[in-house]
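Each reported figure results from applying straightforward, stated rules to the coordinates on display, with no laboratory input. Keep in mind the model is a prediction, meaning the values are calculated, not measured. Cβ placement follows ideal geometry from the backbone for every residue including glycine, while neighbour counts extend to all protein chains displayed.
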Amino acid sequence: RTLLAPTGLAARMLGRGTGVLFGVLTKLTGVDLLSDLSVFFRSLNGLLDGFKERATAVKELLVDPATTFLIVTSPEREPVEEAIFFAGRLQEAGMPLGGLIVNRVTPVVDEHAAGPLPPGLDPRLARKVEAAGDEARVRAARDVARIERLRAQTGEAEPVTVPQIAGDVHDLDGLAHVRASLLSP
């Protein structure tokens with residue numbers, strides 16, 4: 001309020017020492033700090049109008065019996081711990097957990113599913129292919145263990161899993177893949 005329309009003591013304070021300070025800052029930086037702050041607070045003032053009413057409406061929506069919550073996470077350690085924390089907070093607040101979605105899960109692949117490497121493959125390339133397969137199996141086992149932890153800690157029997165796909169989801173094909181994963185039985 002002081003910066004929007006300074007009056008009384010605030011006007012005297014801004015008019016004396018602070019006015020000199022802002023003047024020096026303006027000359028040194030080329031920025032009229034007082035004017036910029038005033039514009040900022042005027043813009044913020046419009047945002048705050050009706051904030052209490054919107055907050056009340058959001059609170060009513062959150063406690064509505066028709067509202068349920070989905071927790072979306074990844075199988076990484078920190079997101080799993082956050083998901084467990086949020087599920088606990090929902091339970092403490094008496095809010096329903098509708099389910100868990102675990103995104104970017106490394107699919108479990110049978111070691112022998114791809115078959116043997118082609119004969120005559122360069123030995124260095126063969127070692128890289130085998131190492132990549134080993135890494136994928138380790139990631140898949142880690143993801144399975146973390147999903148089991150999620151199940152145990154949240155009580156959610158069957159989290160929906162969305163497998164890791166190559167590249168980003170940025171087109172309709174990628175969205176269709178995610179949709180199929182979310183809606184598959």
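In terms of modelled amide H atoms, which long-range or inter-chain residues lie less than 5 Å from the amide H of Val105?
Val162, Gln164
Read phi for every residue in the stretch 174-179 and hand back ³J(HN,Hα) as whole Hz from Karplus 6.51 cos²θ - 1.76 cosθ + 1.60, θ = phi - 60°, with x for Gly and Pro.
With coefficients 6.51, -1.76 and 1.60, one gets x, 5, 5, 5, 5, 4 Hz.
What is the distance, in nm, between label points placed 7 Å from the Cα along the Cα-to-Cβ direction at Val144 and at Val178?
2.7
Obtain the nm distance between the two label points defined at Arg104 and Leu44 by a simple spin-label model: each point lies 7 Å from its Cα along the Cα-to-C-beta direction.
That separation, rounded to one decimal, is 3.4 nm.
Mind checking the alpha-carbon convex hull of the stretch 86-140 and giving the volume per residue in Å³?
94
Are there any GluC sites (Glu not before Pro) in the stretch 42-136 that are in a DSSP loop and have at most 14 other Cβ atoms within 10 Å? List them by number.
Passing sites in the stretch 42-136 are Glu76, Glu111.
Can you tell me how the stretch 106-185 classifies by the Cα gyration tensor, rounded, prolate or oblate, using a/c under 1.5 as the rounded cut?
Note, shape of the stretch 106-185 comes out oblate.
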